[in-house]
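The values are calculated or read from the model by the stated rules, or taken from the named source; none is laboratory data. Just so you know, these numbers come straight off a predicted model, no measurement behind them. Reconstructed Cβ throughout: ideal geometry from the backbone, glycine too, with neighbour counts over all protein chains shown.
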Amino acid sequence: MSVSFGEIETILDRFPPQPEHLISALQDVQAKLHYIPQAAMQAVCEHLGVPLSRGWAVATFFKSFRLEPRGVHGIRVCLGTACHLKGGARLVEGLERELKVSRGHTTKDLNFDLDTVNCLGACALAPVVVVDENYQPNASHRKLRKVLKDLTKA
Amino acid sequence: MSAKKAKKEQDKGLINFAINGQSVQAREGWTILETARQFGVHIPTLCFHPAVQPIGSCRLCVVETRQNGQSRVVASCITPVQAGVEVLTHSEEVQNVRRWVLEMLLANCPASRRIRELAKEYGVTSTRFRVEHPEDACPRCGLCVRVCEEVVGVQAISLGNRGIFKEVTSPYHQHSKDCVSCGTCLYVCPTGAMEQLFDQIRG
Amino acid sequence: MMGDAMAQVSTARKLEEFRLPNAEALAAYREAILAQRDPNRTVIIVCHGTGCLANGSPKVAAALRQSIAGAGIAAPVIPEIKTTGCHGFCSRGPLVILQPSGLFYQKVKEKDAEEIVQTTLMEGRPVERLLYVDPRTGEPIAHDHEIPFYKYQQRIVLRNIGKIDPADISDTIAVGGYQALATALTGMTPDEVIAAVEAAGLRGRGGAGFPTGRKWRFATENVRKHPGPIYVVGNGDEGDPGAFMDRTLMEGDPHAVLEGMAIGAYALGASQGFIYVRMEYPVAIRHLSLAIEQARALGLLGKNILGTGFDFDIQINRGAGAFVCGEETALIASLEGRVGEPVPRPPFPAERGLWGRPTIINNVETWGNVSQIIEKGSQWYSDLGVPHSTGTKIFSLVGKVNNVGLVEVPMGISLERIVDEIGGGVPGQDRFKAVQTGGPSGGCIPYKLKDTPVDFDSLTKVGAMMGSGGMIVMDQRDCMVDVARYFLRFLEEESCGKCLPCRLGLKAMLEYLDKFAQGQGSPQDIEELQSLARAVKAGSLCALGGTSPNPILTTIQYFRDEYLAHVVDHRCPAGVCKDLITYSINPEICNGCGVCARNCPQGCISGEKKKLHTIDASSCIRCGMCMDECPVDAVMVE
């Protein structure tokens, strides 16, 4: 993915050149580019006066940051306690089998990301799966298969 | 010691307390570890080095402090001395922590001779836990990262990731443009693990 | 969506015209808002909490709007539709409540809108099939305040949620918002505010339960010793799986948090505050941001608040996916743009926190209590609950309970009352097996301790912990070994990795639990695990590692037989641990539909159409697909 430096500059202009803005700046860059390309990381670190090693440490410590391009659609399976008790683990395993991808990774065709999340706070709907930004309450293999099929067709 | 005398000592800037029953004196701001070393009391450490700020992360230096009927387990390298406290460096609670940590270290840093020797000092010669990376010698003590930041000032390396995936590395596992090849990290590494990593970092 | 955002901004711009120069102006503004509202006008409330949102409540709201528009009701009488935060009764959503009567409709679908408008609005009758039916009596209950789930609660911190539109500050003002701030700023000294919080006995609602007033006092003493800035922080990094109290509060009544922080800032002499919100809560972030904008526009935040010379503003920082950042020193590191690694305490943040300055970090629910203490007085507050645990607490009641949702109860109420009277009991069973409180830091309370009062000290006495308020009900089909393992796995993923007892200890404890779950190991292993657990508890640098052994220690304490069944008998009595169970198909129930066989990834289910199907146990991987898909529940686990 080619990076438009103009886009990054616009984002960085919002932040005074202080190290404390590292996380917020990376979040805004990722919101725009869907992941953090290395060139963007370097730009952020330079602008804020932070060594690249610290940018790397922060981006790999906090699990919401992605240093590699993402898939077209994001699937997040909640593994909070209520969801676990209602079979969340089986849902992830089922998706891993069906999409042939391990959790935390993207399918070969770059169509789907499969991730787990530790509690979305929607426990009454357990087990919960979020596909793109849409919550699937009381998820089941059958319901998910249909949602994924519709997304692949589209 | 009478309360009056203790107060007099304190006014001189000296703080009186006890380590393993032995009376010791320290100055304001000293840590328990510094005081212990001053008085020849041995406390094991891994992540401590006089050239950098102590961070109390390896927890091998833990001691038990007893005061006013309360007992706590604290890292002696970062705990300032307090008047009248009773410090125990080898109590049952402390030994329990140390022995389990050393046994787990044997499984996670199997390639380190220094750790094997340290464990042996405390009667730990084998481990019941799974050894997944037989070539790993890095306890993630962070000394290399801290000297690179505090002493050398270039911050070429950092600890990336977290938890069991925590690792010492240069950004993106590539050669670091900030590294000046001074070798201080090699010097300060307690297990020699940095030798395996140095070439990747400096390029 | 874009249009909504533009509408919100223009509300803020218009609001600036009403900027309140003093406390009298606030009172006058409230009067003006109330004067414009007819208390008898029907307001149709459509819950837009995350649960109801996921179940389609926006479509319900849109359908209602459409039906009302088409019904040709005369202009002054047109009902208003209001979208609000979470009402708490999530298992019954989407919820629609008519005010002022409190007529309560549950599981409302888009297609019900027409009937609601016709039958209820036009003809004045309830739609019977949408009413809540008490499963114990079989009787319908028409009004929310009569439903046991609500009746036995005491909603103080949650009092406004479900009544106000969190995106419209005039709703908050109308119900008395910012009145307490005005009282504090114009009628009390900072010291009097701290004294009030101390006298009320408020204890932190984030998990540790430290006396809030005392913490504030430490901080002011430290500022006196070392003059300079002091900061206040709202901890909205609610990460305990199964807990959504803070999410509900931030989404549904953001001003409760802002006002509490402003009052605290006044007491402490702070001019800058931060709210740290998990990024997994985008609605909370949006509502808090809007609330801050609107409060600023009215002069309730920012410079010279209500003309008193008090400056205070709030910035929102988003979490980036690290549970450990709920720990206050890790949170501070994150605010400083660093990796979220805790540092040893002492020194505590009240002495040295953000940028080395005294910092007061309180959970957002704690902040949500402050305005009521000022408004109604510390005596009123301390009369609630029990001594040493005054006030109320919000819990998320989830798991194997009929009424899954958010509840607020006075401290000291028994566990059984919460699960039974409010929760409606355990579906299909007459009692719970255990209730887990305090998340990964907490413990499991067995049924035999059902009368345990739910307050800080009573819970600690039985080996559990109040924690942030997650309350997970478990039944006979939940395995306690599996539960302990689940929490350990969670923490292993979230450990910052800095200290050895936690980084290595969680992995080591998991090795034991994995062994047990596979039916391996010995009773000796259980003893060893307890010794290891003690080492992790004593040696860890922060509370994540330090409390991680709690689920293990309490489950061993109260459910040792279950552990022994795993290691000695190689059985999982609850039928959960994969290696110890077999799946089979009940010949009396199976109808031969073949859904199981079609879904089996191993292809190990065979059978003819309309005839009994069987599972080949030797190839079965216990993935659970057949059990999840079977339309007649014929798959058995033993």
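Might you check whether a residue that is assigned to a helix (DSSP H, G or I), facing another protein chain (nearest Cβ under 8 Å), surrounded by 19 or more Cβ atoms within 10 Å (Cβ to Cβ) and at pLDDT 95 or above occurs anywhere in segment C:495-502?
Yes, because at least one residue in segment C:495-502 is assigned to a helix (DSSP H, G or I), facing another protein chain (nearest Cβ under 8 Å), surrounded by 19 or more Cβ atoms within 10 Å (Cβ to Cβ) and at pLDDT 95 or above.
For segment A:140-154, what are the residues that are within 11 Å of another protein chain (Cβ to nearest Cβ), more than 14 Å from A:Cys83 (Cβ to Cβ) and either in a loop (DSSP other than H, G, I, E, B) or in contact with a helix residue (DSSP H, G or I) (Cβ under 6 Å, 6 or more places away or on another chain) (or both)? Across segment A:140-154, the qualifying residue is only A:His141.
Confirm whether C:Asp246 is part of a helix (DSSP H, G or I) and surrounded by 21 or more Cβ atoms within 10 Å (Cβ to Cβ). The answer is yes for C:Asp246.
Condition first: aliphatic (A, V, I, L, M) and either surrounded by 15 or more Cβ atoms within 10 Å (Cβ to Cβ) or within 23 Å of the chain's Cα centre (by Cα) (or both). Now tell me which residues in segment B:167-185 satisfy that.
Scanning segment B:167-185 gives a single hit, B:Val168.
Among the residues of segment C:243-263, some residue qualifies, meaning at least one is touching a strand residue (DSSP E or B) at 6+ places or on another chain (Cβ under 8 Å), of a type outside the set (Val, Ile, Thr) and either closer than 22 Å to C:Cys542 by Cα or not assigned by TED's automatic domain parsing to the domain that holds C:Ala182 (or both). Of all the criteria given as (1) within 14 Å of chain A (Cβ to nearest Cβ); (2) surrounded by fewer than 24 Cβ atoms within 10 Å (Cβ to Cβ); (3) within 27 Å of C:Arg155 (Cβ to Cβ); (4) among the aromatic types (Phe, Trp, Tyr), the one not satisfied by C:Tyr231 is (3). Of all residues in segment C:510-520, those that are within 11 Å of another protein chain (Cβ to nearest Cβ) and touching a helix residue (DSSP H, G or I) at 6+ places or on another chain (Cβ under 6 Å) total 2. For the structure I just gave you, tell me whether A:Gln30 is polar (S, T, N, Q), surrounded by 19 or more Cβ atoms within 10 Å (Cβ to Cβ) and not assigned by TED's automatic domain parsing to the domain that holds A:Thr106. Yes; evaluated as a whole, the condition is true for this residue.
For segment C:596-629, residues that are of a type in the set (D, E, K, R) and in a loop (DSSP other than H, G, I, E, B) total 6. C:Phe312 meets the conditions (1) free of Cβ contacts under 8 Å to residues at least 60 places away in the same chain; (2) within 7 Å of chain A (Cβ to nearest Cβ); (3) of a type in the set (Phe, Trp, Tyr) in every case but one. The failed one is (2).
This table checks each residue for (1) at pLDDT 95 or above; (2) farther than 14 Å from B:Leu46 by Cβ; (3) in a loop (DSSP other than H, G, I, E, B); (4) in the same structural domain as B:Thr45 (by TED's automatic domain parsing).
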residue	(1), (2), (3), (4)
B:Ile115	yes, no, no, no
B:Ala119	yes, no, no, no
B:Arg128	yes, yes, yes, no
B:Cys148	yes, yes, no, no
B:Val151	yes, yes, no, no
B:Leu159	yes, yes, no, no
B:Cys185	yes, yes, no, no
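Of the strands (runs of 3 or more DSSP E) contained entirely in segment A:24-139, those carrying at least 3 residues that are within 20 Å of the chain's Cα centre (by Cα) and within 9 Å of chain C (Cβ to nearest Cβ) fall at A:134-136.
Of the residues C:Asp478, C:Asp482, the single one that is acidic (Asp, Glu) and not in a helix (DSSP H, G or I) is C:Asp478.
Regarding segment C:434-448, can at least one residue be identified that is within 14 Å of chain B (Cβ to nearest Cβ), buried (at least 24 other Cβ atoms within 10 Å of the Cβ) and either in contact with a helix residue (DSSP H, G or I) (Cβ under 8 Å, 6 or more places away or on another chain) or basic (Lys, Arg) (or both)?
The answer is yes; a qualifying residue exists.
Residues that are surrounded by fewer than 11 Cβ atoms within 10 Å (Cβ to Cβ) and small (Gly, Ala, Ser) were ranked within segment C:599-627; the one that is nearest to A:Arg97 (Cα to Cα) is C:Gly603.
Here's the yes/no breakdown for (1) surrounded by 15 or more Cβ atoms within 10 Å (Cβ to Cβ); (2) more than 14 Å from C:Leu500 (Cα to Cα); (3) in the same structural domain as B:Gly163 (by TED's automatic domain parsing); (4) modelled with pLDDT of 95 or more:
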residue: B:Gly13; (1), (2), (3), (4): no, yes, no, no
residue: B:Leu33; (1), (2), (3), (4): yes, yes, no, yes
residue: B:Ile43; (1), (2), (3), (4): yes, yes, no, yes
residue: B:Leu46; (1), (2), (3), (4): yes, no, no, yes
residue: B:Arg72; (1), (2), (3), (4): no, yes, no, yes
residue: B:Cys109; (1), (2), (3), (4): yes, no, no, yes
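Looking only at residues in segment B:130-146 that are in a helix (DSSP H, G or I) and within 14 Å of chain C (Cβ to nearest Cβ), the one that is surrounded by the most Cβ atoms within 10 Å (Cβ to Cβ) is B:Leu143.
Residue-wise test of (1) of a type outside the set (A, V, I, L, M, F, W, C); (2) in the same structural domain as A:Ala31 (by TED's automatic domain parsing); (3) modelled with pLDDT of 90 or more.
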{"site": "A:Gly80", "(1), (2), (3)": "yes, no, no"}
{"site": "A:Gly87", "(1), (2), (3)": "yes, no, no"}
{"site": "A:Leu99", "(1), (2), (3)": "no, no, yes"}
{"site": "A:Gly104", "(1), (2), (3)": "yes, no, no"}
{"site": "A:Asp113", "(1), (2), (3)": "yes, no, yes"}
{"site": "A:Cys119", "(1), (2), (3)": "no, no, no"}
{"site": "A:Val130", "(1), (2), (3)": "no, no, yes"}
{"site": "A:Leu144", "(1), (2), (3)": "no, no, yes"}
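Looking only at segment C:92-127, residues that are surrounded by fewer than 22 Cβ atoms within 10 Å (Cβ to Cβ), in contact (Cβ under 8 Å) with a residue 40 or more places away in the chain and of a type outside the set (A, V, I, L, M) come to 10 in all. Looking only at residues that are closer than 26 Å to B:Asn108 by Cα, in contact (Cβ under 8 Å) with a residue 60 or more places away in the chain and more than 12 Å from chain C (Cβ to nearest Cβ) in segment B:45-71, which one is farthest from the chain's Cα centre (by Cα)? Among them, the one singled out is B:Val52. When C:Glu492 is tested against the conditions (1) crowded, with 24+ Cβ neighbours inside 10 Å; (2) within 14 Å of chain B (Cβ to nearest Cβ), the lone failure is (1).
Scanning segment C:563-593 for residues that are assigned to a loop (DSSP other than H, G, I, E, B), away from chain A (no Cβ under 14 Å) and either surrounded by fewer than 17 Cβ atoms within 10 Å (Cβ to Cβ) or in contact with a Phe, Trp or Tyr (Cβ under 9 Å, 6 or more places away or on another chain) (or both) yields C:Val568, C:Asp569, C:His570, C:Thr582, C:Asn586, C:Pro587, C:Glu588, C:Ile589, C:Asn591, C:Gly592. Being of a type outside the set (S, T, N, Q), within 14 Å of another protein chain (Cβ to nearest Cβ), surrounded by fewer than 20 Cβ atoms within 10 Å (Cβ to Cβ) and over 15 Å from the mean Cα position of the chain (by Cα) is true of B:Gly29.
Here's the yes/no breakdown for (1) among the polar types (S, T, N, Q); (2) modelled with pLDDT under 95; (3) under 30 Å from A:Asp132 (Cβ atoms):
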{"site": "C:Asp240", "(1), (2), (3)": "no, yes, yes"}
{"site": "C:Phe244", "(1), (2), (3)": "no, yes, yes"}
{"site": "C:Gly264", "(1), (2), (3)": "no, no, no"}
{"site": "C:Leu290", "(1), (2), (3)": "no, no, yes"}
{"site": "C:Leu298", "(1), (2), (3)": "no, no, no"}
{"site": "C:Leu301", "(1), (2), (3)": "no, no, no"}
{"site": "C:Arg318", "(1), (2), (3)": "no, no, yes"}
{"site": "C:Gly326", "(1), (2), (3)": "no, no, yes"}
